[in-house]
Amino acid sequence: MRREHRAENEKGREKRSQNALSVAAFTLAVCAAVLRIRAQTPPLDAVFLPTPAAVVTAMLRMAHVGPGDVVYDLGSGDGRIVIAAVKEFGAARGVGIDLDETRNIEARENARRAGVDKRVTFVRQSLFDADLRPATVVTLYMGATVNLKLRPTLQMQLRAGARVVSQAFDMGDWTPAETRTVEGRPVFLWTIP
């Protein structure tokens with residue numbers, strides 16, 4: 001009886017050791033995959049901070065987003081701005097640009113759940129390399145330095161009448177057409193002459 005019990009205990013230990021090794025191997029594989037993805041991702045221009053719903057609505061209202069618009073969101077995060085532009089404001093199309101592929105995956109799923117995935121696209125790309133010419137509205141929440149670096153691109157690529165809306169950060173001496181404070185956050189609107 002004791003021999004059977006010992007043999008059973010040894011089998012149990014062996015199985016637990018194998019399970020522990022399997023878990024350790026799986027954990028190492030996941031860590032290696034995450035490190036590979038991070039090594040391929042250039043440094044982000046800004047960290048993801050979700051825009052509150054009231055601010056999203058105010059930004060899109062300020063830009064008078066409607067059926068003829070193509071809305072680009074630079075640093076689109078979870079996609080909430082372009083999704084709202086298409087779903088709630090009837091924009092023809094929305095494009096989110098973000099370097100963080102994890103956010104793009106999340107945004108695509110959010111668009112699918114909202115039923116707008118056929119009219120919204122999320123692209124993993126540097127906002128400095130993006131072709132903004134199709135946009136009639138560009139939204140952003142990046143930071144003062146990034147806004148200033150983007151300003152010449154916005155002014156060169158966007159056609160007359162296109163609107164640019166920024167949460168929290170202005171564009172230096174480019175005077176906004178309108179400024180509002182929503183939930184304690186400044187929101188700026190410019191129109192391309």
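The values are calculated or read from the model by the stated rules, or taken from the named source; none is laboratory data. This one's a predicted model, so the numbers in the text were calculated from it and none came from an experiment. When we count neighbours, we look across all protein chains shown, and the Cβ atoms used for this are built from the backbone with ideal geometry, even at glycine.
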Look at Val120 and say whether it is in contact with an Asp or Glu (Cβ under 8 Å, 6 or more places away or on another chain), over 17 Å from Gly161 (Cβ atoms) and modelled with pLDDT of 95 or more.
no
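Identify, from the list Ala130, Ala162, the residue that is more than 24 Å from Val47 (Cα to Cα), touching a helix residue (DSSP H, G or I) at 6+ places or on another chain (Cβ under 9 Å) and buried (at least 16 other Cβ atoms within 10 Å of the Cβ). Before you say what the answer is, go through the steps one by one.
Values: Ala130 fails: more than 24 Å from Val47 (Cα to Cα).
Only one candidate passes the filter, namely Ala162.
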Cross-chain or 6+ apart pairs with Cβ under 7 Å, the stretch 171-186 first and in the same structural domain as Arg151 (by TED's automatic domain parsing), then β-branched (Val, Ile, Thr) and surrounded by fewer than 13 Cβ atoms within 10 Å (Cβ to Cβ)
Pro186/Thr179
